[in-house]
């Protein structure tokens, strides 16, 4: 599990194609790589990957065909920047929201504008994800935990504060940038419990199942 609080911007140092899938090398001087081990999970721009080999300044990871097909990792090239977050450990602060690193779909930046010192961005997501996106709810964009400002149809908007723009890849987004989207875990579990009967949703129902 992760929290959507990026710990460092990394760089794709090498990409090696191996029989249809890919071995990637990711480096980032800011992280204490001696604290991690082979087999640890690391979130790379919203995608949970396994470190198969630790280096002095990063790690190597294998990216499966499935991960390449359903995420933006297939678009990465040597030298590209990525957001990095090692997996949570017992006692770590939960500064964002619970994130699994399992991408639900790919969204696209449809607008970017200055909003005082922040950047106001709007994203379009696949129709099947739109029902999980709620005003003032949480969403994970390329591994970054964010709060949604407004929702309209298949689009949502949010503000990127200067700190987030500086320490993540979001400061470089432009119209047309593809991003990995993970919707809030609670929204998916509530839908599963409800099945097709949306009329069952009530405060009593949520209390009964531990959500209120």
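Structure notes:
- Orientation-averaged projected area, Cα convex hull of region 47-97 (nm²): 5.1
- With the gyration tensor restricted to C-alpha atoms of region 8-86, the semi-axes of the equivalent ellipsoid amount to 19, 13, 12 Å, longest first.
- Considering only 19, 171, 107, the mean-square fluctuation computed in a Gaussian network model of the chain, springs between alpha carbons under 10 angstrom, is largest for 19.
- Centroid-to-centroid, using Cα positions, region 18-97 and region 133-167 are 22 Å apart.
- Kirkwood Rh, Cα atoms: Rg over Rh of region 1-46: 0.98
- Arranged from fewest to most other beta-carbon atoms within 10 Å of their beta carbon, 80, 184 become 80, 184.
- Per residue, the convex hull spanned by the Cα atoms of region 105-192 measures out at 85 cubic angstrom.
- Take every pair of alpha-carbon atoms less than 8 Å apart whose residues are at least six positions apart; their mean separation over the length of region 105-192 yields a relative contact order of 36 percent.
Just so you know, all these numbers are worked out from the coordinates, no wet-lab data involved. Quick caveat: nothing in here was measured; it's all calculated off a predicted structure. Note that we place each Cβ from the backbone using ideal geometry, even for glycine, and neighbour counts take in every protein chain shown.
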